[in-house]
Amino acid sequence: MNLAKVTPPSSSHALERDRLLCKLQEWDEKKLIIIHGQAGQGKTTLVATWLRSLATPAAWYTLDREDADPAVFLAGIAQALQRIRPDLPIGTPALPQSDRSAPQDTAVLQRSIDQTFGRLHQPCLVVLDDYHAIPSPKEFDLLLRTLIDSTPPQVRFIILSRTLPSLEVARLRARRTLGVLTGKDLAFDDHEAHDLFCEVFGMPLERTESTRINRRAEGWPAGLVLTHEYLAQSSPRAGSGIFGADRADKLQPPVFEYLAQEVFSLLAPDLQDFLLRTAITNWLPLPLIQELTGLPLTAAPGKHSVTSMLQELQNRNLFISVADDAAAIRYHSLFHEFLLKKLQAGTNPAAAQKLFTTAIAYFERTGDPVRAIDLSLAAGLAEKTVLLIETHGQEVLARGQVQTLLRWINGLPADEQDRPWFLFFRANALRFSAPHDALLLLDRARAGFGNEKKASCRSTGQIACLCGIIEACFHSGGDFQRMARTASQAQTLLKS
């Protein structure tokens, strides 16, 4: 499990927004709080700030596309709970194999949820960040509704998303168990904007100036952060040209790239280089940063190091979150997207590919094949991606991440998708919902393995296919004669 997913972000450089914090406190009896708004509106920062003031333990879990697999999601929630309650034997829920790639049965889900939450007798908060990252939210919503309905009353949930989850909101409102903050609520008012510049940024402005900036930004927090950084590095004349009364522009997210470029262009070259070299992934353990930048972790005063560069970024409020144990960082998604585009547009392709291969090797070496394969696929390294999937595919399959495997395979060129292991993985996704189709794929995969030159790979693949054929025969209605023949073939193969 990637620790980034269960680590709450740092909120040390954030304004305590009493208006919203009081609202959250008023909802301390609500089963579910939903906070939704566009990127850069401060959803994550708000909740991280609020959690610091609570006595109630809170488990943080950042969703991504892998959590479309219920097995991955429930295992991740169990690990997040284990971090805040290490004294409790919270087990990883075991979903039956038949349920990992097919629509979920509510009774099965409830049993798994009971296994995870059954020993939690004290109040607990579960924060689910980045709900919008789930690729099939309608299918995921069944799992989430079951989770909310099946957990004990002392377990409460907060969902952070760019979109409003379709979780029967009207029903929850009617039961008075739901609190909702929208993008309109998250927008900074003029007083908050003034406090942000004066107290957090250390940039004392006249109230009329901060109000004018906030009106141009329409209260958008990301716009205010970038505005500060731009004004801190440019002349007053440049600032008035962009934010003066003669301009009618509004600082909406499409303008983020423009402002980010203005801020980026004013940074020192060594800081620009640091940002670009670390742009390839949004989870950056400190050892990986060392490999990507060539900098030491620490250095004497006045010398560049990973630590000093990160401190400089934090001092500038440049959309960086530091893990609680300070062992890794992540960039805000908008800023990460901007940096990645800039890297790909302005860097020699060979140099960019070297950065990707460095990160891929690091994640593979440290036991994170999912992130390694995602990066390899994003870099367009088809041959490397094929090798990684074939090497780690069975491990990923054993964790129930069938949809993850399919996404990887479908992202490869068409002429790579019919490799024996890929046919086998696709068959696994169908063996319960469409066992006849699974049998056809397994037959093709077995024939492909028969042509493998390496004996160990040939026998391992064929045995896996024979086992899959037996299982698919059973689920297709019980072709017991073929099951017996297949079992005999597997036995002979094992003896050889």
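For the stretch 437-481, the candidate set comprises residues that are outside any helix (DSSP H, G or I) and under 11 Å from residue 420 (Cβ atoms); within that set, the residue that is modelled with the highest pLDDT is 451. Summed over the stretch 13-25, the residues that are open to solvent by 30 Å² or more (accessible area, probe 1.4 Å) and either in contact (Cβ under 8 Å) with a residue 60 or more places away in the chain or part of a strand (DSSP E or B) (or both) give a count of 3.
Annotation: of all residues in the stretch 401-443 being in contact (Cβ under 8 Å) with a residue 60 or more places away in the chain and within 19 Å of residue 391 (Cα to Cα), the one that is surrounded by the fewest Cβ atoms within 10 Å (Cβ to Cβ) is 407. Evaluating residue 356 against the criteria (1) open to solvent by 30 Å² or more (accessible area, probe 1.4 Å); (2) modelled with pLDDT of 95 or more; (3) farther than 28 Å from residue 70 by Cα leaves one unmet condition, (1). Is one or more of the residues making up the stretch 329-349 among the aliphatic types (A, V, I, L, M), in contact with a strand residue (DSSP E or B) (Cβ under 6 Å, 6 or more places away or on another chain) and touching a residue at least 24 places away in the same chain (Cβ under 8 Å)? Checking the stretch 329-349: at least one residue is among the aliphatic types (A, V, I, L, M), in contact with a strand residue (DSSP E or B) (Cβ under 6 Å, 6 or more places away or on another chain) and touching a residue at least 24 places away in the same chain (Cβ under 8 Å).
For every residue, the table says whether it meets (1) in contact with an Asp or Glu (Cβ under 9 Å, 6 or more places away or on another chain); (2) closer than 17 Å to residue 24 by Cα; (3) open to solvent by 30 Å² or more (accessible area, probe 1.4 Å); (4) in a loop (DSSP other than H, G, I, E, B).
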| residue | (1), (2), (3), (4) |
| --- | --- |
| 163 | no, no, yes, yes |
| 167 | yes, no, no, yes |
| 184 | no, yes, yes, no |
| 191 | no, no, yes, no |
| 197 | yes, no, no, no |
| 204 | no, no, yes, yes |
| 208 | no, no, yes, no |
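Of all residues in the stretch 138-161, none that is under 14 Å from residue 112 (Cβ atoms) and among the hydroxyl-bearing types (Ser, Thr, Tyr) has its Cβ atom under 7 Å from the Cβ atom of a residue that is modelled with pLDDT of 90 or more and part of a loop (DSSP other than H, G, I, E, B), 6 or more apart or on another chain. Per the listing 75, 58, the residue uniquely open to solvent by 10 Å² or more (accessible area, probe 1.4 Å) and under 15 Å from residue 143 (Cα atoms) is 75. Checking 171, 145, 212, 176 one by one, the residue that is more than 20 Å from residue 21 (Cα to Cα), exposed (fewer than 15 other Cβ atoms within 10 Å of the Cβ) and basic (Lys, Arg) is 171 and no other. Out of the residues in the stretch 27-45 that are part of a loop (DSSP other than H, G, I, E, B) and closer than 17 Å to residue 156 by Cα, which is most open to solvent (accessible area, probe 1.4 Å)? Top of the filtered list is 29.
Here is a yes/no grid of residues against (1) in a helix (DSSP H, G or I); (2) at pLDDT below 90:
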{"position": "307", "(1), (2)": "yes, no"}
{"position": "312", "(1), (2)": "yes, yes"}
{"position": "326", "(1), (2)": "no, yes"}
{"position": "340", "(1), (2)": "yes, no"}
{"position": "375", "(1), (2)": "yes, no"}
{"position": "385", "(1), (2)": "yes, no"}
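Contact annotation: residue pairs with Cβ atoms under 6 Å, 6 or more positions apart or on different chains, pairing a residue in the stretch 272-293 that is among the aromatic types (Phe, Trp, Tyr) with a partner that is open to solvent by 30 Å² or more (accessible area, probe 1.4 Å) and part of a strand (DSSP E or B), are 283/330.
The values are calculated or read from the model by the stated rules, or taken from the named source; none is laboratory data. Model, not experiment: these values are computed from the prediction. All Cβ positions, even for glycine, are placed from backbone atoms using ideal geometry, and neighbour counts span all protein chains on display. Note: areas computed on protein heavy atoms with side chains; ligands, DNA, RNA excluded. Shrake-Rupley method; radii C 1.70, N 1.55, O 1.52, S 1.80 Å.
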